[in-house]
Amino acid sequence: EDVAASAVAAAGRRRRLTALVRLRSGAWRDTVGSLCDRGVTLQQIMDFYVQLFTVMPHFDPKRSTTRDVVRRAIIPMSRHGDPSLGVSPGCALATLLNGGEPRRPNKMVTHHWSNLFAHAVAAILADALGRPLYGGLAARLGTQLGAAEVREAVADSRGGGCLGRSWREDRPTMAPGEVTYWFCPFSVNQHASICDRFAHSVEKDSVLGEEYPLCDCGAVKHLAGDLCEMNKFSEMMAMLREGDPAFGHMIAVDAKFEVFNRAWCIGEIVQGKRDGLSQVLKIANLADVRRQRSKLESLDVSECQATRTEDRDAILAAIPDIAEFNRELRSLLLEPDHGLFDAWAASATRIPKYLVVWKRFSRDFRDRLKVVTRPTWIQPLSLLFMILCPVAVVLAVLLLPYAPPEEGLGANVGHVALALPVMSFVCYLYIPQWTAVALRAQLPPRCTIFWPVIAALMSSLPVPIISAVTGVYPVPFAPVMASVMYSVCYPLLVCLLPRSVRGAPGFGRRLLWSIFAQVALTTLFCVCYPALNAGFRSFQGAASSVGFVVALLCVRITFERCTEFMAGKIDLDVLPATCFAAEVAYQAAMCSFLADVQSWVAVCTLVGIDVLENAYYLYCFTRKQPGVRRPTPWALQRVPRSGSNTSVTASDGVGANLSAASSADPFCQSVTAVLLLREFADLLVPLQFILVRSVLFFGPTTPYNAWVAELTRDAWLRTSGFLIADVAVELAVALATCIFLSFQGVRPIKFLHAVIVSGGYCFYLAAATTSLMWFAALQLAHSGCDYSLRFGWVAD
């Protein structure tokens, strides 16, 4: 409906602009029509570019701007016209190149004259070839020989040669050289406007440092009115769009992003959006995005510049509401999934996905972040509770009075009647909490409590029945069997959802992807990690341990990529939750693996990988990855000391400024949230394992737990040493990360607490408890988890 409404609005805008053209004088309408007929093909542009090295001997692709080329080449070349073709003197260069014949363009180019001319041409070339980056093409245009090679490749109708075989998706049957552009240096008649004067002061050549020579063509100049060609771009764009539904708009972004600070350019970009043009950005390289992206968050049209002050004043006078225009402009550029920058990132198929994954949270999530105002002393306590609560729950189950498994089902009724249902119930608490996060809804107790109880009873019931019928106890891999049974109970959870939740927009899509994510997590917990543990126990030596580490890492990375993909399908606000679930699952598997490892090489490999991953996330933070980097919300900024006259501004809109109390640049909330949650999980899970394994080693149920049953005191000290070493390294990395973020203006503990509370504290607590409970259940002898797959008691 929104797309249809936008299309109707754009169509209405075009009709109004076209009507406006018809209502104007005949001279005005004729001028607009003349502008529309001055397209130039890419082949013509490349022919001119190669000729430029001769016409303008001092032309330097790395220094000469578009203004230099207009003054030194375009104006002189179009000065005399071509009488043999019927082209009168003092014409537009496009008119001369087309022999006086009209040529309608396929696309309009927005750029600014202070940019390098070679970069403007490279951006046009990249557009014709369907490439998102033009830096490599600009390098090819750096010499006359390279430019000639590119021209020949463009002339090749097959699109081959040094340019490869890229094609424009919107016009697949059109050879690159045939694509036609409206390019103002060529398409505007400079002799009817600026050729004999400077805008406000003396203009000088960027290479020679000399004043430009002025033209003496004597043509009448029109700087305003019906015959002026510089005040009719809106009508021209609307007319071209009406004549060609596929008419597009390409914005050539310079290295400093100055195109977004030029009045004419901003006006063209917004007008193109209003007219429904298909708009694309062409950017030199990723480094420019990282350096300059944050500028866009504070764009203000009232601060834009223009060569002529009169043009700037006229553009601003035509905007009824500057604030609303600014919001429209920022939304056009930065809106998640729909803005021009996200569209550009999606087109950059050769750019690794991890460079474009970081996007801003929704406004609702950012608002929730800002209202988390619990006392400072509660924040670390809530994090500590997430460490200790799962330990207490797991130990309460593992320390129950079990009978030896060989005594059979009759002696272990407590296990099948109490321990197994409780373990299932604790694990199933995670599912409704994840559903609530995915659906962005508060679920009632019938979903969060009643459903786990029913699911636990239903999934636990088959185990004693199978044991009684077959006479086999313990039932092989009983927890895995129980975990699979939850899928039978899931439709009941959907039925228990409130009607308001089921009727919410996008419910079906969110539910479907949340189910996919849950199935992926179940597969990871119940199949992949147990299988890897079984495989590891059949190998020995440092080499096999390192190989297991690599396999573990591959499974973890694959799952993380899947969860990131599914988070994007559900809602970017769930990205921290999915990453946390993936990390606690990985850490639980790693700690379980460390219970059997004998080599410090494997331990060092695991710890080293974690350190490198943390360094990568810090790199994302410092390099300002593509994706909107937001100012720190007021509740998360460092509070100025008492007595300071510095104020903290509460703002979450684009362009909000950091307080003077922090010198940090606006940061990407998503990358910071994932970074801190990963660090928290890397500390949380090993600490939990140290506590649980220590209590079990000295507890009464030691013979029934595979983690400690066969451990001597020396072996227990060694494996505990592995975990303590991991915790020590992770703690050092976490402290270094927090110190770094503090210097960047982020309060790490407060921000981490806000992310957990805003995303759903119960979910994070359930995720931490489920991972620990599941791996603990697999180690219980009564669970029948024989990783050697021999199941000796079954044969007996």
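For the criterion of being under 37 Å from the mean Cα position of the chain (by Cα) and in contact (Cβ under 8 Å) with a residue 24 or more places away in the chain, C447 passes.
For region 21-31, the condition holds for no residue, the condition being that it is of a type in the set (A, V, I, L, M, F, W, C) and not in a helix (DSSP H, G or I).
Give the residue that is nearest to the chain's Cα centre (by Cα), with candidates limited to residues of region 42-72 that are assigned to a helix (DSSP H, G or I) and of a type in the set (S, T, Y). Looking at the filtered set, the residue picked out is T66. Taking the criterion of being open to solvent by 20 Å² or more (accessible area, probe 1.4 Å), touching a residue at least 12 places away in the same chain (Cβ under 8 Å) and touching a Pro at 6+ places or on another chain (Cβ under 7 Å), the only residue of region 57-80 that qualifies is R79.
Could you check region 497-522 and list, in sequence order, the residues that are within 23 Å of the chain's Cα centre (by Cα) and without any contact (Cβ under 8 Å) to a residue 40 or more places away in the chain? Matches in region 497-522: G506, L512, I515.
Does region 14-36 include one or more residues that are within 30 Å of E152 (Cα to Cα) and either modelled with pLDDT of 90 or more or polar (S, T, N, Q) (or both)?
Yes, region 14-36 contains a residue that is within 30 Å of E152 (Cα to Cα) and either modelled with pLDDT of 90 or more or polar (S, T, N, Q) (or both).
Considering only residues that are of a type in the set (G, A, S) and in contact with a Lys or Arg (Cβ under 8 Å, 6 or more places away or on another chain), which ones fall in region 755-792? S758, S788 - these are the residues of region 755-792 that are of a type in the set (G, A, S) and in contact with a Lys or Arg (Cβ under 8 Å, 6 or more places away or on another chain). Within region 447-502, if we keep just the residues that are closer than 21 Å to C785 by Cα and part of a loop (DSSP other than H, G, I, E, B), the residue that is most open to solvent (accessible area, probe 1.4 Å) turns out to be L461. Of the helices (runs of 4 or more DSSP H) entirely within region 218-317, those holding at least 2 residues that are among the small types (G, A, S) occupy 233-243, 263-274, 309-317.
Can you name every residue in region 722-781 that is among the polar types (S, T, N, Q) and surrounded by 24 or more Cβ atoms within 10 Å (Cβ to Cβ)? Outline the logic, then answer.
Applying the first criterion (among the polar types (S, T, N, Q)) to region 722-781 yields 737, 742, 744, 758, 769-771, 779.
Those that are among the polar types (S, T, N, Q) and surrounded by 24 or more Cβ atoms within 10 Å (Cβ to Cβ): T770, S771.
When residues in region 701-756 are screened for being on the phi < 0 side of the Ramachandran plot and out of contact with any helix residue (DSSP H, G or I) (no Cβ under 8 Å at 6 or more places or on another chain), 14 of them pass.
Every test in (1) closer than 16 Å to C785 by Cα; (2) among the hydroxyl-bearing types (S, T, Y); (3) touching a His at 6+ places or on another chain (Cβ under 7 Å) is passed by Y402 save one, and that test is (1). Only residues that are under 13 Å from T522 (Cα atoms) and not polar (S, T, N, Q) were counted in region 467-489, giving 7.
For region 197-216, does any single residue satisfy the condition of being touching a His at 6+ places or on another chain (Cβ under 7 Å), open to solvent by 60 Å² or more (accessible area, probe 1.4 Å) and either of a type in the set (K, R) or part of a loop (DSSP other than H, G, I, E, B) (or both)? Scanning region 197-216, I find at least one residue that is touching a His at 6+ places or on another chain (Cβ under 7 Å), open to solvent by 60 Å² or more (accessible area, probe 1.4 Å) and either of a type in the set (K, R) or part of a loop (DSSP other than H, G, I, E, B) (or both), so the answer is yes. All told, A263 falls short of being at pLDDT below 85, of a type outside the set (V, I, T), open to solvent by 30 Å² or more (accessible area, probe 1.4 Å) and more than 19 Å from D127 (Cβ to Cβ). I need the full set of residues from region 129-152 which are of a type outside the set (G, A, S) and within 31 Å of the chain's Cα centre (by Cα), in order please. Within region 129-152, L129, R131, P132, L133, Y134, L137, R140 qualify.
Taken residue by residue, region 88-98 has at least one member that is under 25 Å from D205 (Cβ atoms) and either open to solvent by 60 Å² or more (accessible area, probe 1.4 Å) or within 40 Å of the chain's Cα centre (by Cα) (or both).
Of the helices (runs of 4 or more DSSP H) lying entirely inside region 511-594, the ones with 1 or more residues being open to solvent by 30 Å² or more (accessible area, probe 1.4 Å), basic (K, R) and modelled with pLDDT of 65 or more are found at 542-570. In summary, helices (runs of 4 or more DSSP H) completely within region 94-182 and bearing 3 or more residues that are modelled with pLDDT under 90 and more than 20 Å from I269 (Cβ to Cβ) occur at 135-140, 144-155. Among the residues examined, L395 does not qualify as open to solvent by 20 Å² or more (accessible area, probe 1.4 Å) and either touching a Pro at 6+ places or on another chain (Cβ under 8 Å) or outside any helix (DSSP H, G or I) (or both). Every listed requirement among (1) closer than 29 Å to G130 by Cβ; (2) among the β-branched types (V, I, T); (3) open to solvent by 40 Å² or more (accessible area, probe 1.4 Å) is met by V109 save one, (3).
Looking only at region 423-445, residues that are open to solvent by 50 Å² or more (accessible area, probe 1.4 Å) and over 24 Å from R509 (Cβ atoms) come to 2 in all.
Name every residue in region 427-446 that is of a type in the set (G, A, S) and part of a helix (DSSP H, G or I), in order of residue number.
Residues of region 427-446 of a type in the set (G, A, S): 436, 438, 441.
Across region 427-446, the qualifying residues are A436, A438.
When you check R274 against the structure, is it charged (D, E, K, R), closer than 29 Å to G26 by Cβ and surrounded by fewer than 22 Cβ atoms within 10 Å (Cβ to Cβ), yes or no?
Against the criterion (charged (D, E, K, R), closer than 29 Å to G26 by Cβ and surrounded by fewer than 22 Cβ atoms within 10 Å (Cβ to Cβ)), R274 qualifies.
The values are calculated or read from the model by the stated rules, or taken from the named source; none is laboratory data. The structure displayed is predicted, hence computed values, not measured ones. Don't worry about glycine lacking a Cβ; one is built from the backbone with ideal geometry, like all the others, and counts go over all protein chains shown. Accessible surface is based on the protein model in full, side chains and every heavy atom, while ligands, DNA and RNA are left aside. Shrake-Rupley method; radii C 1.70, N 1.55, O 1.52, S 1.80 Å.
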